[in-house]
Amino acid sequence: MRYLPLTADDRSAMLATIGADAVDDLFADVPADCLLPGPVPGLPGHASEMAVERHMTALAARNLSAGSAPFFLGAGAYRHHVPSTVDHLIQRGEFLTAYTPYQPEIAQGTLQVLFEFQTQVARLLGTEIANASMYDGSTACWEAIAMAARITRRRKAVLSGGLHPHYAATVRTMARFTGDVIDARVPVLEAAADDAAVIAAIDGETSCVVVQYPDLLGRIPDLAAIAEAAHAAKALLIAVVTEPVALGLLEAPGHLGADIVVGEGQALGVGLQFGGPYLGLFGCAEKHVRQMPGRLCGETVDAEGKRGFVLTLSTREQHIRREKATSNICTNSGLCALAFSIHMTLLGGAGLERMALLSHDAARRTAAALARVPGVSLLNHAFFNEFTVVLPADAREAVRALADKGVLGGVSLGRLHPGEAGLANGLLVTATELTTDEDIAALAGALTEVLA
Amino acid sequence: MNAPNASGWRPALGEAGEAGAATASGDRGLHFEEPLIFELAEPGARMGVDLDAPSGDVMPSLARFRRQAIPALPGLTEPETVRHYTRLSRQNYAIDLGPFPLGSCTMKHNPRLNEKMARLPGFADIHPLQPQGTVQGALDAINQLATWLITLTGMHGVAMTPKAGAHGELCGLLCIKAAIAARGESRDVILVPESAHGTNPATAAFAGFRVESIPATADGRVDLGALRARLGPNVAGVMITNPNTCGLFERDMKAISDAVHAAGGYVYCDGANFNAVVGKVRPGDLGVDAMHINLHKTFSTPHGGGGPGSGPVVLSEALSPFGPLPFTVRTADGTIRLIEEEDAAGEHPQGFGRMAAFHGQMGMYTRALTYILSHGADGLRQVAEDAVLNANYVLRSLDDVLHAPFGAAGPCMHEALFSDDDLPDGMTTLDIAKGLIDEGFHPMTVYFPLVVHGAMLIEPTETESKAGLDRLICSLRSLAGRARAGDATLKSAPHFAPRRRLDETLAARKPRLTWQGEALPPQPPSLSEIGGS
Amino acid sequence: MSRYFTKDHEWIDVSGETGTVGITDYAQSQLGDITFVELPESGASFGAGDTASVVDSVKAASDIYMPVGGTVTAINEALADAPELVNAAAEGDGWLFKVTLADAAELAALMDETAYKAYVAEL
């Protein structure tokens, strides 16, 4: 077996050192009737590299990859161009095959990257500080709500209808078990976000208001107004950003009064990957740092006075505080954070803005083309790179019919919000700098045929 | 065994420090000092990508939302970027460089075929919300991995979506909570052994349970009598790590499961150490109701400097109806269906809901499946046997110079546990660990599990050769000898790493979590806590 | 004014109805460099034995228990910027908070300085 270096002679010699006759002597503590006499029944044996490659390649070939079709999906996962430098660098063995940096003297590479990442994320989100990453945007969203409850000592969260339904479902799952109250709403097919309804729902019990920016339907909520209303009730505003490239163009939530900003960092550096692993971003004000979940990297000095970095404030975490920890998170998304950080370093602020403007341009061209398709209307007044169109028929069927024509045409609101009849005709469409005029023409043409 | 350094040459202490003052650059040969990106470039127009010029217009309705200033993030050109991260990478230790015997963390070789397969565009470049007909191969890959995990563990079902081990623990406990609620009961206590990993009590508390600790016996196992005495109508279940954090198999696991089931509770097994028994023991045969599997431990997906992980949870027949959405089902015609919210009411009515957006850690599934197919059922069995053989070899090669608290009681499983009992006063586990850095190895896990004083937990894994282990053993024996001789240079180790011991007290007292544009003022290091303990 | 001690290594100086609470010099020496002190809010009430504060060192977080029941009237603001005061003067300037005693009779359950010294000597 190519991954096992011991030879039969090695094994014999080692057993002799140990003083055992056979390797099963080392499994003596396993009850005899639970120790299998041979390989687990019902499973195949080992395979060569060539054979495995053939099997996996055949599986991969049964998928229509985004790069091989006109592609317009978003809804929490975005396809941007990732420079080849990113994937090359994250495959450096010193990054790929290192562990969480518990021994800082020999993990300064990872630690400095985390410190740079925290600074990049804080500046992008407009917060004072950021952590070293969470699993993904949806779990970061719940962690933010739990953190707001610790800060305000209240247990009711108000969720905008524009919050991604998977995020809202994740929050509801956790709240069912913790006893937090979740006041959620479903989106309405209107041109503006549901700011007024969210503000009206804030009361003296509210710990936080959770608003996605831009929202699920691509609308831009007025965070400053919501922040003002939340703060008047001594509640916190949690802003959720699922498309970080938007912050190359739109004002940062932290600058608009959001107390905690969480996000999905996948759009930068990480790629689509069928939904994971992704990258949770988490930023907040420095005064709340001790209530923050997740790993934090901090600057310090070594015994010779040289600058160095360590994981810090770990008394918040599970390995110290056990059942009193701020979160049970242990492993996070280190390698995805590295990918995000490298991509951000290649872009800089100017490159991020350029990518955002190109995506916005492409989305405007796409929206204009779809608005000319008979029966289709554009919902949004304003959008960044994702918008909603209303079709004259069920959008789920339309998406499948488009796929049959080789076009990945968007995400139906019916799939995201099943059972909401009022949303069934809504289609989310996203464009990025990768979207070409040929792609747009193919989508408009195919949609015209599908709806005819 | 062969001494790794036959010439007997040893670097003299202090040599590195003296040489450091001699260069104008601050670098020393291949030892690089690397500035922060914020020190390499000011935020400005520079970037390392070619993007067409945008129109520059934004839709008028968007204008009021525009950012007042672009984010103050420096950009580097491609050559500068490659150099920055490559230089930083050289300050990291990694499995690719040598043994990484971090107990309970399972740092085994990461096969590169896994990386190649995960990057096939058919896996890496597909969107989670594409129509199911366009992603049948991906759904099939998930379903194949699920089948392997179920069969290897002898369980009934599997929840694939948890994003790491701790998330898997949460999934298992939420299943238990939902199952108890479905019975109309309100049990709220989870029993956790003293030796458990910190995530266990943290997860139980996060899931809304009260945590009660159960004691261990003198031979490092769960005290079955104490456990039985604690069972009752308010106990929802137990969380047991098996093999446990002392590297020992819980001999009474079946009796524990029987007692817990008889009292109406469920058995959660922390599967962090499944790599010790994969292919040899099916947890389902031991009465387990739920167990997470860290794909980044047992099934070799890379740790990446702290993630991403992946923590699928195998479930018993009793708990399977309560598992989270979404999941895959193979239909009679061979197509794979993804069961999501809209199908849940009809096909999974008791499920507790969704734990995260989308379908879990696909990029880890493809890597783990590649690894599993490579090994097959026979190879995985060999994985466990070699992991246990290597650990016992380390145990018996060191137990005359380091105290092995459970060494006399019999063999260990995949990791060998030592304590600081044989170290002289003033010498600590931390000194041995830092000394190991100077020897060119990553230290073992230290001060965990908490039930052993000054614990040193060594997990070699099955991917270390005998020669590699002999080198590690030789260094550890040398360090134990130096500690016994009172070698003061150990107290200030490491001497040869990119950094000396770091001041963790300063970092915690005055947290600097983002770059602020100026260096820390010179601080006298607080020596009492440097390096922590 | 008299000083009382708990088995969990808190001290309380009592003067009339008012008590000043801190951790003992022995406790700070065991904890090592203290990095953060989480103090109760002024006005909060606790029973004897309740967790009123948390003292963090680099790798431990230690709960501080109320020696006797009472209501917090003041906290040591200086600790926010200088938690090291607890290391330097645990039984002086490194005090944690002041309380109004709920029931002075509870003091009878605590140790005096002689008894505490004997207790520590046994540890």
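Derivation of every value follows stated rules applied to the coordinates shown; laboratory data play no part. Note that the structure is predicted; figures quoted are calculated from it, not measured. Glycine gets a Cβ as well: all are built from the backbone with ideal geometry, and neighbour counts include every protein chain shown.
Counting only whole DSSP H helices of chain A, the ones at least 20 Å long by C-alpha along their axis and with mean Kyte-Doolittle hydropathy no lower than -0.5 are A:108-125, A:137-152, A:334-371, A:437-451.
In chain A, the ratio of gyration radius to Kirkwood radius, Rg to Rh, stands at 1.03 when only Cα atoms are counted. Between beta-carbons, use under 11 Å as the cut-off and find the net charge around residue A:280, counting Lys and Arg +1, Asp and Glu -1. That works out to -2. Under the membrane-span-like helix rule (DSSP H runs whose alpha carbons stretch at least 20 Å along the helix axis, mean Kyte-Doolittle hydropathy -1.0 or higher), chain B yields B:136-153, B:165-182, B:362-398, B:466-484.
Listed by Cβ neighbour count within 10 Å, with the fewest neighbours leading, A:378, A:26 appear as A:378, A:26. For the protein assembly as shown, a/c is less than 1.5, where a ≥ b ≥ c are the root eigenvalues of the C-alpha gyration tensor. That puts it in the rounded class. Remark: chain A carries a charge dipole of roughly 720 debye about the Cα centre, counting +1 on each Lys and Arg Cβ and -1 on each Asp and Glu Cβ.
Here's the picture: charge each Lys and Arg Cβ at +1 and each Asp and Glu Cβ at -1 in the protein assembly as shown, and of B:44, C:107, B:485 the one pushed furthest to the positive end of that dipole is B:44. Semi-axes of the equivalent ellipsoid of the range B:298-352 are 27, 15, 12 Å, computed as sqrt(5λ) over the eigenvalues of the C-alpha gyration tensor in descending order. Charge dipole (Cα centre; +1 on Lys/Arg Cβ, -1 on Asp/Glu Cβ; no other charges) of the range C:2-100 amounts to roughly 240 debye. Each of B:235, A:344, B:220 was placed along the dipole of the protein assembly as shown (beta-carbon charges, centred on the mean Cα), and the one lying farthest toward the positive end is A:344.
Seen from residue B:410, the other residues with C-beta closer than 10 Å to its C-beta sum to a net charge of -2, counting Lys and Arg as +1 and Asp and Glu as -1.
Rounded, prolate or oblate: pick one for the range B:155-370, where a ≥ b ≥ c are the square roots of the eigenvalues of its C-alpha gyration tensor, a/c under 1.5 means rounded, and failing that, prolate if a/b is larger than b/c, else oblate. It comes out oblate by the Cα gyration axes.
Cα-based radius of gyration for the range A:84-344, normalised by 2.2 N^0.38 Å, reads 0.99. Among A:397, B:464, B:459, a tally of other beta-carbon atoms within 10 Å of each Cβ gives an order, fewest to most, of A:397, B:464, B:459.
Over all pairs of different C-alpha atoms in the range A:235-278, the reciprocal of the mean inverse distance, the Kirkwood hydrodynamic radius, equals 11.4 Å. Of the residues B:163, C:98, B:510, the one with the fewest other Cβ atoms within 10 Å heads the list, and the complete ranking is B:510, C:98, B:163. Among the chymotrypsin sites (Phe, Trp or Tyr not before Pro) in the range A:250-291, none is located in a DSSP loop while being surrounded by at most 10 other Cβ atoms within 10 Å of its own Cβ. Note on the range A:84-344: dipole from Cβ charges, positive end direction compared against A:134, A:312, A:223; the farthest Cα belongs to A:312. Diffusion of chain B by Stokes-Einstein, at 37 °C in a medium of 0.692 mPa s and with Rh set to the Kirkwood radius over alpha-carbon pairs, works out to 126 µm²/s. Per-residue ellipticity at 222 nm from helix content only, as computed over chain B with -39500 (n - 2.57) for each DSSP H run of at least four residues, stands at -10000 deg cm²/dmol. Below 12 angstrom from the Cβ of residue B:492, what's the summed charge of the other residues (Lys, Arg +1; Asp, Glu -1)? Cβ neighbours under 12 Å give a net charge of -2. The Cα atoms of the range C:2-100 define a convex hull whose projected area, averaged across directions, is 5.3 nm².
Mind checking which lysines have their C-alpha under 18 Å from residue A:156, skipping anything on the same chain fewer than 8 residues away? Within reach: A:234.
If you take the alpha carbon atoms of the range A:204-325 and fit the smallest convex hull around them, that volume is 175 Å³ per residue.
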